[in-house]
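Okay, structure first, notes after.
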Amino acid sequence: MNTTINPSNPCSSNDPDLMWTEELSLGISIIDNDHKVIFELAQLIQNLLDAPSKHVMTESALAILEDNVFFHFIREENAMNKVRYPNKSIHIYNHKQFYARLHSIVQSYNGDSKMAIFDLPHLVVGWFAKHIAAEDSKYKKWIKENDLDGRPLGFLTEEATR
Ligand SMILES: [Fe+2]
């Protein structure tokens, strides 16, 4: 694995394949920031995979990742509804498929299958990179910064139904 040392924390390393890059920017800062956090959580989980004794930390990081993905999707979907985005059905379907997959992997890890997450960071980043390019890029003509609920993700729970 090709890694670089993170100067702010020399105990951890960054896998360049898991890093958010400017070419993934949609130019909508609220959405870009959500994506950046998800990529950083994937990196954190990758680093925890290299420290197998840290199960409690890993479980917490997975729960945070799951919540961030879930509420990020809610944020996008609320904005799609607000602007009556015409392709929202397929977009929301793709969100639900991915969230179900992520949830199932995390459930397996929290059961007794610790190997279930061995490739999760790359799966998450790979899915988001493709989704941003193929799906999110289509709504950027429709959704503007002020169509989005910019509150921290945890505040979106009121409208959410799992
Ligand atoms: Fe999306």
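Of the residues making up the stretch 16-33, those that are of a type in the set (Val, Ile, Thr) and in a helix (DSSP H, G or I) are ILE30, ILE31.
With the requirement that a residue be within 17 Å of the chain's Cα centre (by Cα) and either at pLDDT below 95 or more than 21 Å from ASP119 (Cα to Cα) (or both), what does the stretch 25-45 give you? The answer is SER25, LEU26, ILE28, SER29, ILE30, ILE31, ASP32, ASN33, ASP34. The set of residues in the stretch 145-159 being surrounded by fewer than 14 Cβ atoms within 10 Å (Cβ to Cβ) and part of a helix (DSSP H, G or I) consists of GLU145, ASN146, GLY154, PHE155, THR157, GLU158, GLU159. Condition check for LEU65 on (1) at pLDDT 95 or above; (2) touching a strand residue (DSSP E or B) at 6+ places or on another chain (Cβ under 9 Å): one failure, at (2).
Among the residues making up the stretch 100-114, those that are surrounded by fewer than 16 Cβ atoms within 10 Å (Cβ to Cβ) and of a type in the set (Ser, Thr, Tyr) are SER104, SER108, SER113.
The values are calculated or read from the model by the stated rules, or taken from the named source; none is laboratory data. Predicted model, so just to flag it, every value in this text is computed and none were measured. As a convention, Cβ positions derive from the backbone with ideal geometry for all residues, glycine included, and neighbour counts pool all protein chains shown.
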